[in-house]
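To start, the structure under review is shown below, and the notes come after it.
Every number here is computed from the coordinates shown, using simple stated rules; none is lab data. Because the structure is predicted, anything quoted here is derived from the model rather than measured. Cβ sites come from the backbone with ideal geometry, for glycine too, and all protein chains shown count toward neighbours.
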Amino acid sequence: MRKAKVLLASILATSIAHGAWIFPLLPTEGIVLKRSRTSFMSLNFLTQIWTQSDGQVSQNTKSATNFSVRDARIGIEGQINKYIQFGAFFDFADNNALGFDGSARPHQSTTQTSVLQDAYIGFTPSNALNITFGEFRDPFSRISLSGLYTLVIPSYYGYGIGPIDDVINLNTKNPALAFINPFFPLGYGSLPGIKGEPGVTSAFRDMGVSIWGNLAKGMLKYYAMVGQGKYDYQTSLSNKSNVYQTDNPNLKYSFRLVFVPTFLGFSSDPTYMMRDTYLGHKKTLQIGIGYETQKRECNGLPTSNCPRVPASSVTSKAYDVDIFYENKFGNFVPQFQAGYIVNKDLGFGDKYGNKPESDGYYLQTQWLYDRFVGIGKPALALRYESYTNKNVYAVAPNGAVSPNPNNISKAPNGSYQDGKIDNLSVYLNYYIANQAAKISLGADFVNPNTVVKNAECINGNPAKGGCGKNFVDYTLQLQIVF
């Protein structure tokens, strides 16, 4: 038995060292079925259970206490031999039970019930060259690569946008005023007319092929992905209400580079995805930059829904820069990370050529006390994030936010005002068995500016009431990874 355990540990350590795994948590957890030294499969179960006290988002909504399954997931990963890996992940959480009805709201970031989240086949000729096909995380930014079950702040980046968009859609029936989440890649949920928070378990994924690897003994990691993006899929031209039929197919291209000063004693992470914390097991400093782009163009067909603006095509672009540091000092493990993402030309724009933009930044830290207090190790985590939308909200002289900026009384070039949301998250984490068993308790303080609050009003008009408010959500999360 001992010999078998040592052999299995050797197999997993070798696979992880070569960066073969998409998801870094799972090879060391769960049930492993081994056919040979180089051929095996792991089966995993992951879940997050939430209890929330949801604050009052607008004048027409109420606070409520909600219980829900944030995520329930079964994962399979393995390898045929040392060159070929595979994986698939399925989510089964029923998160629509508390649909938005004006008197309560569901917790953020969950819309699906049963979904295939990931399915991939990977080829690993060497540590410097990995080729992954399928549906998996977009490598554009550190946020999009950070695993849900490693987060130190359970509420995902961009928290608060979802319930605000719910109010906008309820009061104005106009998704064009939905707040654009700058942290989402161009593939899902990041463009006007798309609900701002489609779900944390799907928003950061795309389908395509990614070439990635580790160079110079881990000092450099690179990613290059060709994916479907938002505008590659085509739908039936008989459905005139579907906005996607306006587009010719164009693929999305994503690039990312990560630098780790290994010559200063810092360790790299060879896996595809990244962790939000290493819990003191790694001294690391990671500096990343990312870029992605996708062209959207009218197809020119008679049934096309292309807007009547001068531009018949637009090339959306996104840029990312981020930094991550974690080290252990005595009994304490401080972690710090920060990032900035900007998205430009997110749509055709209005007849004056104004195109929507979205940008955001975040500052995050966690301080872990690396000693058991009772049955677990306590940690304090803080995150401040701020997101801004430009050329989305056209404000009339009376303060109303017009759903059609071309028709307001003041010229659009002088009427656009920035929509802005700030969020402060404060959480206590209790690691009972690292990420395998964790309890998190904290609060999110969401503060939209006046422009966004007015966009939440009935028909976007403050005189008609129902406008947005600052709100606070309190969350208790229980997490299991097996």
(message) Using 0.36 nm times the number of residues separating residue 450 and residue 289, minus their current alpha carbon distance, what extension gain do you get?
(response) 54.7 nm
(request) Add +1 for every Lys or Arg and -1 for every Asp or Glu among the other residues with Cβ under 15 Å from the Cβ of residue 213, and state the total. (result) +2
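Add +1 for every Lys or Arg and -1 for every Asp or Glu among the other residues with Cβ under 10 Å from the Cβ of residue 324, and state the total.
-2
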(request) Report, in whole Å, the centroid distance computed from the Cα atoms of segment 429-470 and segment 36-86. (result) 22
(request) Measure off 7 Å from each Cα along the Cα-to-Cβ vector at residue 315 and residue 396, then give the distance between these two points in nanometres to one decimal. (result) 3.8
(message) Can you tally the net charge around residue 467? Count Lys and Arg as +1, Asp and Glu as -1, for every other residue whose Cβ sits under 12 Å from the Cβ of residue 467.
(response) +2
(message) Under the rule of at least 5 residues apart or a separate chain, name every residue whose amide H is placed under 5 Å from the amide H of residue 416.
(response) 395
(request) Sequence neighbours fewer than 8 away in the same chain don't count; with that in mind, list the aspartates and glutamates whose C-alpha is under 16 Å from residue 344. (result) 292, 297, 320, 357, 359, 418
